[in-house]
Amino acid sequence: MLCLCAVTMVGTNSTHAHHLLADTELNCSEDFPCPEALHGRVTFWAHVFFKWGRSKAIFHDPDVPERVYSVVDTGKGCSNSVKSRLNRERKRIKTALYNTANKLESSAPLSKEEQHLASLFPDKDPNQLRRKSEKIRCQTGIRESFMKGLARFNRYSYMVDNILAQYNLPPDIRYLPFVESTYNPRAYSKAGAAGMWQIMPSTARTLGLQLDATIDERLDPEAATHGAARYLTESRTSLTKLAHKIDPSVLDSEISPFVITSYNYGVNGMRRAIKRVNPDYMEVLEKYRSPSFRTAVKNFYASFLAARHVVKNTERYFGRELAPRPVKVVTVVLSNSTSVDRIKQVFGFSEEELRPLNLGLTRFIWNGWRMIPAGYKLRLPYRDDEYIDEIAYFKSLPRENPMSESGTYIVRKGDTACGVASALQVNCRDLISANRLGKRALIRIGQKLIIPGGLFALDQSGSGGVERTVIQRITSSRNQQTYRVIKGDTACGIARKYSVSCRELIRFNNLGRKAVIQVGQSLRIPGTGNDRRELARLDEGNRYLVVKGDSACRIASRFNVDCNELIRLNNLNRKATIFPGQRIRIPGFEAPQTNETVTELAQLDKAIAEAVSQQVDTLTGVARPELNNLLDTMPDLSVRVSQTGGAPVYSIIAMAEETLGHYADWLGIGYAGPVRKLNSMSIKTSLSIGRKIKLPIDSVEQISRFERKRIEFHQILNEELKENYQLVEIRSHVVNKGDTVWNLATEVGFPVSLFYRLNPDLLHISLVPGQQVLIPILRERA
């Protein structure tokens with residue numbers, strides 16, 4: 001039985017425990033050894049899992065975790081909300097260690113507390129006590145979370161066991177998700193790792209997991225488990241080969257700690273450690289030094305063993321037995337793209353009933369921004385008849401049209417004004433203006449927003465009941481010609497009146513296949529006012545996309561602008577050479593982009609500038625909405641065109657979470673070989689953020705597909721982050737020696753991509769000690 005020794009009560013709600021935790025009697029398996037030197041670490045993490053709750057702050061030595069200095073009930077563990085109290089306790093421990101060291105050095109008598117502190121250090125070395133006083137770590141207990149994890153384990157363990165068996169992996173790996181997420185398939189870290197297995201966006205693609213605007217398989221327990229199993233299989237193969245090359249006598253079980261740790265540190269990280277030391281795990285813990293080889297990595301295998309021990313002794317620690325209860329479902333493979341509303345109506349389920357079974361569907365689906373793609377395996381609550389009648393009716397229904405602008409949108413939890421605008425492909429400032437949201441862009445759950453760019457219908461209550469009122473399109477065009485529908489009108493009849501294509505008028509006004517119009521409806525007439533931009537292939541940034549046969553002066557003529565001015569604005573050469581796929585700025589057409597950058601959003605009534613200096617509402621203590629709008633900003637994700645030897649060269653700047661595999665997928669070429677070849681990158685060359693990458697592009701359509709897929713990839717990461725966290729503060733940080741962006745991201749807790757949005761000038765350079773950078777502070781949503 002685990003025990004705490006020499007406990008002294010101080011005050012009413014803090015316990016100062018000066019002791020080494022007693023070792024746990026571990027019953028380890030052949031697959032995962034428990035070196036005696038590791039028992040102390042395992043014991044500490046077992047206490048974190050089963051003994052200490054979330055209100056407890058445990059102060060301990062990060063290098064010898066079982067050396068616990070104190071356990072304090074702060075009510076919120078080690079949360080930043082009790083930062084001043086944590087600082088006081090850390091200072092108290094530091095002073096006590098210093099006093100003990102001084103008395104040991106001078107042979108002065110020790111107080112009872114100092115005797116206990118001295119007993120923690122067998123060598124009684126004063127210098128060691130002083131060094132350790134500078135490294136005091138705080139850990140929050142997770143007993144409550146672990147208990148919830150046991151309930152989830154009962155639900156998912158059967159599925160996990162089956163998949164691990166398919167990959168011939170040791171069954172004890174079933175305990176790893178306790179360390180990653182306490183078996184929570186909805187878990188989302190501040191750094192951007194998602195799901196039960198906490199998979200990063202850049203890793204998802206290499207594991208064969210889909211991650212786009214409609215589906216994020218990291219959040220699907222079954223798909224994610226397959227991905228994790230593939231990772232662990234490849235990790236064992238790679239590390240075993242390396243270890244045997246160094247020492248052929250190494251046993252498979254001796255490689256297991258490296259395989260488990262690689263899940264946190266990466267296979268390449270473990271390979272570097274093994275090469276520099278040798279394939280002895282305890283020796284690597286003691287001797288390997290690297291800025292990224294920190295506390296979390298060093299304790300990962302020990303925490304895995306601790307989770308295994310606690311789960312195997314659930315009755316002993318929690319007074320309950322495990323009772324696996326796998327969830328039975330009915331699976332329907334969708335043959336066509338389908339809206340989630342149709343699924344609800346046909347099968348008679350609410351979102352609350354469907355979503356837990358279909359966690360891989362993204363916010364874009366549940367918010368009605370996209371349709372569920374064809375081929376998706378929809379899971380429904382189990383029923384004996386397997387919904388035979390409902391499925392037959394469902395298959396008889398006509399195909400749904402792609403999502404179009406509905407005119408209004410009802411705000412949901414986690415939404416921001418700019419997030420809604422981005423998802424619906426309209427300008428954030430236009431949406432804020434249309435809804436009179438003010439400079440703070442404050443929206444509330446349940447609020448109905450008008451979406452600029454469509455035909456909007458609002459309900460107004462009058463004395464006689466509900467009256468339908470049609471609101472004319474909000475547009476920045478000064479000369480836009482519109483027509484108010486009267487009785488007897490048809491879409492094609494109106495088109496003939498204005499000598500425009502009927503099909504173009506229908507598309508222009510999103511009328512759908514049946515081209516239904518209503519009396520009083522306001523229709524835009526194609527080809528009038530600034531709508532020539534839409535007919536002339538302008539993108540969301542109001543830049544023209546060059547096609548085969550174009551010339552600079554021909555484009556200028558189409559927009560009725562001076563050719564010389566267009567050449568000057570785009571810095572074209574003397575021959576005004578342009579290439580298909582190149583984007584040309586049009587003089588006089590400088591409207592803001594749909595996906596605002598940080599700089600552009602900062603111009604929105606200087607909201608972001610105010611937010612940085614006044615980040616939290618002083619009256620409510622709630623994060624200011626300007627900061628959450630900042631989460632919706634985007635880097636420049638467009639394809640760039642340059643000229644080499646008279647031929648066009650297409651390129652991009654690599655952003656966080658992207659891989660060469662992503663580029664291949666977005667280009668529609670299937671594999672990354674052509675991208676590697678074009679950029680002279682070997683299979684071992686990793687992609688670095690900020691690197692210029694040339695793309696093998698053959699057509700304008702390929703550019704459009706690439707940019708759309710790339711934008712959607714980053715949009716869904718933004719939406720998932722907002723759904724789980726709020727941006728509450730932006731801090732200035734002075735870079736210390738050894739700091740890297742990744743280390744700051746993992747320690748403070750933020751996505752690397754958000755760091756570069758706040759610090760775009762650092763995209764191409766490394767951090768330098770003394771440099772000042774901006775750090776985003778995130779807080780979990782209630």
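Treating only the Cβ atoms of Lys and Arg (+1) and Asp and Glu (-1) as charged, compute the dipole magnitude of the stretch 201-340 about its Cα centre; round to the nearest 20 debye.
On the way: 20 positive and 14 negative charges, 79 e Å.
About 380 debye.
When the chain is fully extended, how far beyond the present Cα-Cα distance does Ile683 get from Glu747, taking 0.36 nm per residue of separation? Present the calculation step by step, with values, prior to reporting the outcome.
Values: separation 64, 0.36 × 64 = 23.04 nm, distance 3.05 nm.
Full-extension gain reported as 20.0 nm.
Let me know the number of lysine pairs in the stretch 641-736 closer than 23 Å at the Cα, not counting same-chain pairs under 8 apart. Walk me through the numbers on the way to the answer.
Values: Lys677/Lys692; Lys677/Lys694; Lys677/Lys709; Lys684/Lys692; Lys684/Lys694; Lys692/Lys709; Lys694/Lys709; Lys709/Lys722.
Lysine pairs meeting both conditions in the stretch 641-736 amount to 8.
So how exposed is Phe44, as accessible area in Å² (1.4 Å probe, rounded to 10)?
0
Going through the stretch 293-396, which chymotrypsin sites (Phe, Trp or Tyr not before Pro) have at most 10 other Cβ atoms within 10 Å and a DSSP loop state?
Numbers: sites: Phe293, Phe300, Tyr301, Phe304, Tyr317, Phe318, Phe347, Phe349, Phe364, Trp366, Trp369, Tyr376, Tyr382, Tyr387, Tyr393, Phe394; in loops: Phe293, Phe349, Trp369, Tyr376, Tyr382, Tyr387.
In loop regions of the stretch 293-396 (DSSP not H, G, I, E or B), there are no sparsely surrounded chymotrypsin sites (Phe, Trp or Tyr not before Pro).
Go through the stretch 330-340 residue by residue and turn each phi into a ³J(HN,Hα) via Karplus (6.51, -1.76, 1.60, θ = phi - 60°); whole Hz please, and just put x for glycine and proline.
Along the stretch 330-340, the couplings run 10, 9, 10, 8, 6, 8, 9, 4, 9, 7, 5 Hz.
Rounded, prolate or oblate: pick one for the stretch 659-782, where a ≥ b ≥ c are the square roots of the eigenvalues of its C-alpha gyration tensor, a/c under 1.5 means rounded, and failing that, prolate if a/b is larger than b/c, else oblate. Before the final figure, lay out each step's value.
Values: a/c = 2.69, a/b = 1.55, b/c = 1.73.
Oblate is the answer for the stretch 659-782, as a/c is 1.5 or above yet b/c matches or exceeds a/b.
Which FRET efficiency, nearest 0.05, do Ser651 and Thr740 yield, Cβ-Cβ r, R0 25 Å? All intermediate terms of the calculation are to be shown ahead of the outcome.
Working: r = 26 Å, r/R0 = 1.04.
The pair Ser651/Thr740 has a calculated efficiency of 0.45.
Mind checking which lysines have their C-alpha under 20 Å from Lys487, skipping anything on the same chain fewer than 8 residues away?
Lys497, Lys514
Taking 0.36 nm per residue of sequence separation and subtracting the Cα-Cα distance, how much length would be gained by fully extending the chain between Lys76 and Asn102, in nm to one decimal?
Gain on stretching Lys76 to Asn102: 6.0 nm.
Where Lys and Arg each count +1 and Asp and Glu each count -1, what net charge lies around Gly141 among other residues with Cβ under 9 Å from its Cβ? Present the calculation step by step, with values, prior to reporting the outcome.
Numbers: positive: Lys51, Arg54, Lys56, Arg143; negative: Glu144.
Taking every other residue near Gly141 into account, the sum is +3.
Do any GluC sites (Glu not before Pro) in the stretch 135-232 lie in a loop, going by DSSP, with at most 16 other beta-carbon atoms within 10 Å of their beta carbon, and if so which?
On the way: sites: Glu144, Glu180, Glu217, Glu222; in loops: none.
Nothing satisfies the criteria.
When the solvent-accessible surface of protein heavy atoms is calculated with a 1.4 angstrom probe, in what order do Ser396, Ser642 fall, highest first? Please report the intermediate quantities before stating the final value.
On the way: Ser396 80, Ser642 45 Å².
Final ranking, largest accessible area leading: Ser396, Ser642.
Amide H neighbours of Ile372 under 5 Å, at least 5 residues apart or on other chains, H built in the peptide plane: list them.
Distant-sequence amide H within range of Ile372: Thr338, Ser339, Val340.
What length, rounded to one decimal in nm, is gained on full extension from Ser29 through to Lys312, with 0.36 nm per residue of separation minus their alpha-carbon distance? Present the calculation step by step, with values, prior to reporting the outcome.
Numbers: separation 283, 0.36 × 283 = 101.88 nm, distance 1.21 nm.
Result: 100.7 nm gained on full extension.
Using the basic label-point model (7 angstrom from Cα toward the beta carbon), what is the Ser84 to Asp562 distance in nanometres?
6.3
Using a cut-off of under 14 Å, list every residue of the stretch 752-782 whose amide N is near the label point 7 Å from the Cα of Ala296 along the Cα-to-beta-carbon line.
Hits in the stretch 752-782 for Ala296 at 14 Å: 752-753, 778.
In whole Hz and in residue order, list the ³J(HN,Hα) couplings for the stretch 685-698 that follow from phi through the Karplus curve 6.51 cos²θ - 1.76 cosθ + 1.60, θ = phi - 60°; x for Gly and Pro.
After applying 6.51 cos²θ - 1.76 cosθ + 1.60, I find 6, 8, 8, 9, 4, x, 6, 7, 10, 7, 10, x, 10, 10 Hz.
For the stretch 656-689, run through the trypsin sites (Lys or Arg not before Pro) and keep only the ones in DSSP coil with at most 11 other Cβ atoms within 10 Å of their Cβ. Please report the intermediate quantities before stating the final value.
Values: sites: Arg676, Lys677, Lys684; in loops: Lys684.
Those satisfying the criteria are Lys684.
Quick one: dipole size for the stretch 693-782, taken about the Cα centre, charges +1 on Lys/Arg Cβ and -1 on Asp/Glu Cβ, in debye to the nearest 20.
Working: 11 positive and 12 negative charges, 19 e Å.
The dipole magnitude comes to about 100 debye.
Quote the FRET efficiency, to the nearest 0.05, computed for Val64 versus Ile410 with a Förster distance R0 of 45 Å and r equal to the Cβ-Cβ distance. Walk me through the intermediate numbers first.
Details: r = 54 Å, r/R0 = 1.20.
Taking R0 as 45 Å, the efficiency between Val64 and Ile410 is 0.25.
Using a 1.4 Å probe and counting only protein heavy atoms, arrange Arg574, Arg155 so the residue with the most accessible area comes first.
The residues order as Arg574, Arg155, largest area first.
Near Arg676, within a Cβ-to-Cβ distance under 12 Å, what is the net charge of the other residues, with Lys and Arg +1 and Asp and Glu -1? Before the final figure, lay out each step's value.
Values: positive: Lys677, Lys684, Lys694; negative: none.
Around Arg676, the charge tally is +3.
What does the charge dipole of the stretch 339-434 about its Cα centre add up to, to the nearest 20 debye, if the Cβ of each Lys and Arg holds +1 and the Cβ of each Asp and Glu holds -1?
Values: 13 positive and 13 negative charges, 76 e Å.
For the stretch 339-434, the charge dipole is close to 360 debye.
Would you please state which residues of the stretch 164-183 a label at Glu780 would reach in this model, taking the label point 7 Å out along Cα→Cβ and a backbone N cut-off of under 16 Å?
Label zone hits: 178-183.
How many angstrom separate the Cα center of the stretch 280-303 from the Cα center of the stretch 346-403?
46
Using a 7 Å offset from the Cα along the Cα-to-Cβ direction at both Val547 and Ser335, what is the distance between the two label points in nm, to one decimal?
So the two model labels end up 3.5 nm from each other.
Cut-off under 26 Å on the C-alpha distance; same-chain residues fewer than 8 positions from Lys328 excluded. Which lysines are left, in chain and number order?
Hits, sequence-local ones excluded: Lys148, Lys312, Lys344, Lys377, Lys395.
For the residue pair Lys448 and Asp125, what label-to-label distance in nm results when each label sits 7 Å from Cα along the Cα-to-beta-carbon direction?
So the label points at Lys448 and Asp125 sit 7.3 nm apart.
Taking amide H atoms as placed 1.01 Å from N in the peptide plane, list the residues 5 or more away in sequence, or in a different chain, whose amide H sits under 5 Å from that of Val649.
Result for Val649 returns Ser642, Gln643, Thr644.
For Lys575, list the lysines whose Cα falls under 22 Å from its own Cα; do not include residues on the same chain fewer than 8 positions away.
Lys548
Please give the FRET efficiency for Lys328 paired with Lys112, using the beta carbon to beta carbon distance and R0 = 51 Å, rounded to the nearest 0.05.
Taking R0 as 51 Å, the efficiency between Lys328 and Lys112 is 0.30.
Per residue of the stretch 199-207, what does 6.51 cos²θ - 1.76 cosθ + 1.60 with θ = phi - 60° give for ³J(HN,Hα)? Whole Hz please, x for Gly and Pro, Karplus curve as stated.
Per-residue couplings from phi come out as 9, 6, x, 5, 7, 4, 5, 5, 8 Hz.
The values are calculated or read from the model by the stated rules, or taken from the named source; none is laboratory data. Just so it is clear, the model here is predicted, and its values are computed rather than measured. Glycine also receives a Cβ, built like all others from the backbone with ideal geometry; neighbour counts cover every protein chain displayed. Just the protein is used for accessible areas: all its heavy atoms, side chains included, with ligands, DNA and RNA removed. Shrake-Rupley method; radii C 1.70, N 1.55, O 1.52, S 1.80 Å.
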